[in-house]
Amino acid sequence: MGSRLPNPVELVPELRELTGALFKVTGNGSVPRTTIALVQLRAGQIVGNTYLTVLHTGTLRRGGEPEERITAVATWPDAPYFTEPERAALGLVEAVLQPSTHGERVSDELYAQTARHYDDKALTTLALAIGQVTFYAPLAVIGKPLPGKSPAEQWVPASP
């Protein structure tokens, strides 16, 4: 069993530099790494991709997050495990990635709630963390890398 596509970095080597830049941007320190990982896990769940969900679950586990918090990301609104800033960030990713049945996705109320916990740089970082997941979602959905495998094992080798 293997992925549908070879490693995208083998096909488009410029992707390596872009990937490094995105990790540097989301790791700029304005938002705790744990919050970034929670947001990215929720984004992977919303786009419905096992590879992305397993990837970000692993990030949280390696960071020492308790299983209760990791598992509860899918049901965060009624879970007691998240801080108010984390709730605001999770609310933001939900609003951005899910269609709204009643107006704009990120309402002024949600923006104000999130801005109480995050300054402009942090809000921009959160937006880019959401975008980072959605940037890679097409490769994950189309290419089907193997969840839970090392980067070398996720993709079939490129043809010579």
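The values are calculated or read from the model by the stated rules, or taken from the named source; none is laboratory data. All figures in this text were calculated on a predicted structure; none of them were measured in a lab. Virtual Cβ from ideal backbone geometry, glycine too; neighbours counted across all protein chains shown. Note: areas computed on protein heavy atoms with side chains; ligands, DNA, RNA excluded. Shrake-Rupley method; radii C 1.70, N 1.55, O 1.52, S 1.80 Å.
Cα gyration tensor of region 12-69, axes a ≥ b ≥ c as square roots of the eigenvalues: rounded (a/c below 1.5), prolate (a/b > b/c) or oblate?
oblate
With only Lys, Arg, Asp and Glu charged, each at its Cβ (+1 for the first two, -1 for the last two), find how big the charge dipole of the chain is about the Cα centre; round to the nearest 20 debye.
Result for the chain is approximately 460 debye, rounded to the nearest 20.
Tell me, what is the percent relative contact order of region 87-160, built from C-alpha pairs under 8 Å that lie six or more residues apart?
It rounds to 21 percent for region 87-160.
Averaging sequence separations of C-alpha pairs under 8 Å and six or more residues apart, then dividing by the length of the chain, give the relative contact order as a whole percent.
Taking the mean separation of contacting Cα pairs over the length of the chain, I get 43 percent.
Roll a 1.4 Å probe over the protein chains and send me the accessible area per residue for region 28-98 in Å².
I get 43 Å² per residue for this part.
How about region 73-152: which trypsin sites (Lys or Arg not before Pro) there lie in a loop by DSSP and see at most 16 other Cβ atoms within 10 Å?
Sparse-neighbourhood loop trypsin sites (Lys or Arg not before Pro): R105, R116, K149.
Placing +1 at every Lys and Arg Cβ and -1 at every Asp and Glu Cβ, with all other atoms neutral, what dipole size does region 14-91 have around its Cα centre, in debye to the nearest 20?
180 debye
How would you classify the chain from its alpha-carbon gyration tensor, with a ≥ b ≥ c the square roots of the eigenvalues: rounded for a/c under 1.5, else prolate if a/b is greater than b/c, otherwise oblate?
Prolate, since a/c reaches 1.5 and a/b exceeds b/c.
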